[in-house]
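Accompanying notes for the structure given below.
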Amino acid sequence: MSDDISSVQSCEDFSRERLQLNQHLEKMTEQMENVSVKLSWMAYDMVVLRTSPDLAESLKSLENKFLKCKAVICGPTDGQDKNSHPAAEEPNIPQEKS
């Protein structure tokens, strides 16, 4: 009789562990799908950025305007001239030659 009870409990434990494992695997699969989607969007953004010179120029212009506004609002930091801001230099974004 004791063997029957222990075997039933063992089966229940195994079923519970299997259920938990399935839940963990489902959660991991969902997380990997989310990572895959984010990676796909990042790759898409890189392709668009590198193939559209207008977009790159717009981003540079937007960044420069942001830095100018930030300098006006926050003022220049210590050791910097009011007219020059080192971050205002255009970033080096490689572009493909057509």
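What number of residues within the stretch 1-55 are assigned to a helix (DSSP H, G or I), among the hydrophobic types (A, V, I, L, M, F, W, C) and over 18 Å from the mean Cα position of the chain (by Cα)?
8
Can ALA88 be described as under 31 Å from the mean Cα position of the chain (by Cα), modelled with pLDDT under 75 and aliphatic (A, V, I, L, M)? Against the criterion (under 31 Å from the mean Cα position of the chain (by Cα), modelled with pLDDT under 75 and aliphatic (A, V, I, L, M)), ALA88 qualifies.
Each row is one residue, and each column tells you yes or no for (1) open to solvent by 100 Å² or more (accessible area, probe 1.4 Å); (2) out of contact with any Leu (no Cβ under 7 Å at 6 or more places or on another chain).
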residue: SER6; (1), (2): no, yes
residue: ASN22; (1), (2): no, yes
residue: LYS27; (1), (2): yes, yes
residue: TYR44; (1), (2): yes, yes
residue: LEU55; (1), (2): no, no
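The values are calculated or read from the model by the stated rules, or taken from the named source; none is laboratory data. A quick note: this is a predicted structure, and the numbers were derived from the prediction, not measured. Neighbour counts run over all protein chains shown; Cβ positions are idealised from the backbone, glycine included. Accessible surface is based on the protein model in full, side chains and every heavy atom, while ligands, DNA and RNA are left aside. Shrake-Rupley method; radii C 1.70, N 1.55, O 1.52, S 1.80 Å.
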